[in-house]
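Heads up: the structure comes next, in structure tokens.
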Amino acid sequence: MSNLKPNICEWLHNVWKELKSKETMILKRWEKTWFTRAWSGDFQLATMEANTTTSLFTTRLDIE
């Protein structure tokens, strides 16, 4: 275990550098799937308004 401890920071730094270089690629893919839209204020407002006007449960009036 003592052999691993000095290397952990270096490993984490290397992973961070690798992912940092791929950040734009990841964001482009997320934008294609509209994943980043979830953080848009306009989208959140529209979704919240739609959820408040739509009932979560359907009511059945034919129950005896």
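The values are calculated or read from the model by the stated rules, or taken from the named source; none is laboratory data. All figures in this text were calculated on a predicted structure; none of them were measured in a lab. Positions of Cβ are backbone-derived with ideal geometry, glycine not excepted, and every protein chain shown enters the neighbour counts.
Tally the residues that are in a loop (DSSP other than H, G, I, E, B), of a type in the set (Ser, Thr, Tyr) and under 21 Å from the mean Cα position of the chain (by Cα), restricting the search to region 34-64.
So the answer is 1.
Scanning for something β-branched (Val, Ile, Thr), part of a helix (DSSP H, G or I) and under 20 Å from the mean Cα position of the chain (by Cα), does region 1-21 turn up at least one residue?
no
Residues are listed down the side, and each one gets a yes or a no for (1) exposed (fewer than 10 other Cβ atoms within 10 Å of the Cβ); (2) at pLDDT 85 or above; (3) out of contact with any Pro (no Cβ under 9 Å at 6 or more places or on another chain):
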| position | (1), (2), (3) |
| --- | --- |
| Met1 | yes, no, yes |
| Cys9 | yes, yes, yes |
| Leu12 | no, yes, yes |
| Ile26 | no, no, yes |
| Glu31 | no, no, yes |
| Ala38 | no, no, yes |
| Thr52 | yes, yes, yes |
